[in-house]
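Engineer: Below is the structure I would like to discuss, written out as structure tokens.
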Amino acid sequence: MEEFNRLINNQLKTMDKLLRLQSEIEKCQDIEKQLLALQEESEVITIQEEIQLKKQELKSIHDRFESQTEAVILYFQQQQEAIR
């Protein structure tokens, strides 16, 4: 059970990172819209690059979260088999 709790705890930490990064991306996208409205082309390019980097990081964290989910499911199934 201790291992299961550790796996879940890691997954919760990853979910927190996912949510935080998604929020940052949304903020950057809002800034992008404002800059576009002001026609600040050089600033728009900079913020677009930042958005792309954050999206890449988001994908990496999302992939880690999926892997952690699979580990939790596998561990749970193994524990259920051990009980039977």
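Engineer: If a residue has to be open to solvent by 80 Å² or more (accessible area, probe 1.4 Å) and either of a type in the set (D, E, K, R) or not in a helix (DSSP H, G or I) (or both) to count, how many in segment 1-15 make the cut?
Structural biologist: Of the residues in that region, 4 qualify.
Engineer: Do you know which residues across segment 1-55 are acidic (Asp, Glu), under 30 Å from Gln78 (Cα atoms) and in contact (Cβ under 8 Å) with a residue 12 or more places away in the chain?
Structural biologist: If the condition is that a residue be acidic (Asp, Glu), under 30 Å from Gln78 (Cα atoms) and in contact (Cβ under 8 Å) with a residue 12 or more places away in the chain, then Glu3 is the only one that fits.
Engineer: Pick out the one residue from Ser23, Ser42 that is open to solvent by less than 70 Å² (accessible area, probe 1.4 Å) and out of contact with any Pro (no Cβ under 8 Å at 6 or more places or on another chain).
Structural biologist: Answer to the selection: Ser23.
Engineer: Could you please let me know if Leu74 is in a helix (DSSP H, G or I), under 25 Å from Glu3 (Cβ atoms) and open to solvent by 70 Å² or more (accessible area, probe 1.4 Å)?
Structural biologist: yes
Engineer: Restricting to segment 1-12, what's the tally of residues that are out of contact with any helix residue (DSSP H, G or I) (no Cβ under 9 Å at 6 or more places or on another chain) and either under 18 Å from Glu50 (Cβ atoms) or not aliphatic (A, V, I, L, M) (or both)?
Structural biologist: Total satisfying the criteria: 4.
Engineer: Is one or more of the residues making up segment 46-54 of a type in the set (S, T, N, Q) and at pLDDT 95 or above?
Structural biologist: Checked against the condition, which is being of a type in the set (S, T, N, Q) and at pLDDT 95 or above, segment 46-54 yields at least one hit.
The values are calculated or read from the model by the stated rules, or taken from the named source; none is laboratory data. Computed from a predicted structure; not experimentally measured. No Cβ is skipped: glycine too gets one built from the backbone with ideal geometry, and neighbour counts run over all protein chains shown. Keep in mind that these areas ignore ligands, DNA and RNA; they rest on the heavy atoms of the full protein, side chains included. Shrake-Rupley method; radii C 1.70, N 1.55, O 1.52, S 1.80 Å.
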